[in-house]
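Structure record follows, encoded as structure tokens.
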Amino acid sequence: MSQSAAGVPEKPHMLAPYVRVGVQDGRLFLGFGSIQRVFDDPSLWGPLIRLVDYYSVPRTYDEATGFLERECGLSPERAEELLGVLRGGCYLIPAGSYRPEDRYSRPTLFHGLWGADPQEVQERLAGSHVVFLGCGGIGNLMSVALATAGVGRVTLVDADHIEKSNLTRQYLFTETDVGAAKCEILARELRARNSDTEVCTIRRRITNRADLDVLPQADLLVLSADSTGITELVNTHCVTTETAWLNVCYVNDIAVWGPLVIPGQTGCWSCHQLTARDSSGSAELDALISRINRRYQAPSHGSTNMLSSALASLDALKYLGGFGAVQSLGRRVGVWTHQLRLDEQPSTPNPDCPTCGPLRA
């Protein structure tokens with residue numbers, strides 16, 4: 001039996017359930033998605049397909065090497081090369097690590113795409129606490145995504161009550177819930193979907209730093225509220241308390257998320273001007289701008305809410321679970337839904353930032 005670098009006998013591995021093989025335009029595709037490898041040399045197709053099939057049951061490295069040399073007629077060097085493809089490309093998982101009956105069996109396969117240990121990822125999520133500021137459309141979707149993914153504790157902060165007009169996008173509310181407190185109904189729905197997740201509520205409107213100071217410590221704060229000045233308020237609070245936070249919203253038809261701010265590691269919201277200001281330099285024009293903007297009502301749509309919530313939820317889970325690449329780290333990202341165009345604003349650390357600059361001094 002082969003041994004690892006530490007001298008421990010290597011455990012058998014087998015083909016990950018998410019691996020497929022296909023042929024298109026004279027090329028062999030192995031894996032698809034982020035793990036995809038393409039093989040143009042037809043001489044490799046037979047041995048590779050046979051090797052993939054061989055791993056449909058648990059095999060050790062020595063067993064697979066012997067199979068390639070005996071059954072496929074490969075040299076030791078060629079056999080090692082093909083085995084390197086499977087072993088280095090997240091195509092194999094430890095035997096017995098995938099249990100279809102487990103609640104989180106399908107997400108664990110997703111975590112495996114990045115070579116992460118699914119059990120460790122799930123343990124990190126179970127030990128995480130996320131605070132949501134805002135229980136509207138984005139708060140609905142993101143909180144249920146994280147709770148059902150196994151995040152151990154969720155705190156919902158909102159002072160609003162459900163209105164009939166909310167039902168077009170705040171999907172966990174029903175007509176019979178109209179008039180009830182948003183955070184309480186959302187908590188009820190999360191508990192019904194995952195009893196292992198602890199759900200707490202705070203019926204409070206965030207208007208100043210004192211309101212934020214009463215919030216519990218968390219591994220991540222998600223801001224999906226849209227009151228004037230709240231983004232800067234949350235940013236200052238999170239930088240001061242060294243709390244990671246993520247802004248999620250929409251700008252008319254643009255689904256927006258980020259930046260994910262990790263105080264001391266990334267830039268913060270104040271490092272660069274990420275939104276337009278209402279100051280023109282002229283008192284007369286500023287008064288007109290203010291009067292115009294007071295009339296503004298966001299054209300919220302369920303599909304745009306879903307898009308920004310889905311992409312932000314994936315980033316939140318990657319950050320909390322420690323797998324994959326967080327796409328909003330160091331940047332604010334927007335998907336223009338009318339044109340299907342991706343836009344981004346960098347949020348790199350600014351040593352002269354009045355908010356987080358002192359942390360780097």
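The values are calculated or read from the model by the stated rules, or taken from the named source; none is laboratory data. Every value quoted in this text rests on a predicted model; they were computed, and no experiment measured them. Here Cβ is always computed from backbone atoms with ideal geometry, including for glycine, and neighbour counts include all displayed protein chains. Side chains are part of the model used for accessible areas, which takes the heavy atoms of the whole protein and leaves out ligands, DNA and RNA. Shrake-Rupley method; radii C 1.70, N 1.55, O 1.52, S 1.80 Å.
Here is how the numbers come out for the structure above:
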read-out: Degrees between helix 230-241 axis and first principal axis of the chain (Cα, 0 to 90, nearest 10); value: 60 degrees
read-out: Pairwise label distance in nanometres, Arg106 with Gln265, each label 7 Å out on the Cα-Cβ vector; value: 2.9 nm
read-out: Using a Förster distance of 22 Å, the FRET efficiency for His161-Arg193 (Cβ separation, nearest 0.05); value: 0.50
read-out: Relative contact order computed over region 1-151 (Cα-Cα under 8 Å; 6+ residues apart), in percent; value: 21 percent
read-out: Segment Asn293-Glu10, extension gain: residue separation times 0.36 nm, minus the distance between their alpha carbons; value: 95.4 nm
read-out: With at most 15 neighbouring Cβ atoms within 10 Å, loop trypsin sites (Lys or Arg not before Pro) (DSSP) excluded, longest segment of the chain; value: 104-202
read-out: Angstrom value of the Kirkwood radius, inverse mean 1/r, which spans all Cα pairs in region 155-299; value: 17.5 Å
read-out: Prolate/oblate/rounded label for region 29-96 (Cα gyration tensor, a/c 1.5); value: oblate
read-out: Cα centroid separation, region 297-347 to region 31-73 (Å); value: 37 Å
read-out: Listed peptides 40-47, 171-178, 301-308 by packing density, highest first (mean Cβ within 10 Å); value: 301-308, 171-178, 40-47
read-out: Per residue, in Å², the accessible surface of the chain once ligands and nucleic acids are set aside, probe 1.4 Å; value: 52 Å²
read-out: Neighbourhood net charge (15 Å Cβ-Cβ; Lys/Arg +1, Asp/Glu -1) for Asn140; value: -2
read-out: Rounded if a/c under 1.5, otherwise prolate or oblate - region 51-159, Cα gyration tensor axes; value: prolate
read-out: Answer label, with Rg and Dmax of the Cα atoms in Å calculated from the coordinates and candidates [x] 20.6, 64; [y] 23.1, 82; [z] 24.9, 86; value: [z]
read-out: Net +/- balance of residues flanking Ile49 in space, Cβ distance below 14 Å, scoring K and R +1, D and E -1; value: +1
read-out: Cα long-axis angle, helix 182-193 against the chain (0 to 90 degrees, to the nearest 10); value: 20 degrees
read-out: 16 Å Cα-Cα reach of Lys164 towards aspartates and glutamates, excluding residues that sit fewer than 8 places from it in its own chain; value: Glu175, Asp177
read-out: Mean residue ellipticity (222 nm) of the chain, computed from DSSP H runs ≥ 4 via -39,500 (n - 2.57), nearest 500; value: -10500 deg cm²/dmol
read-out: GluC sites (Glu not before Pro) restricted to DSSP loop in region 67-169 with at most 15 other C-beta within 10 Å; value: Glu71, Glu101, Glu163
read-out: Longest to shortest principal axis, alpha-carbon extents of region 235-361, angstrom; value: 48, 40, 22
read-out: Highest-first arrangement of 212-225, 243-256, where packing means the average Cβ count within 10 Å; value: 243-256, 212-225
read-out: Shape call, region 263-331: gyration tensor on alpha carbons, a/c limit 1.5; value: oblate
read-out: DSSP-defined beta bridges in the chain - what % are antiparallel, rounded to 5; value: 60 percent
read-out: Angle between the chain longest axis and helix 76-88 axis [Cα atoms, degrees, rounded to 10]; value: 20 degrees
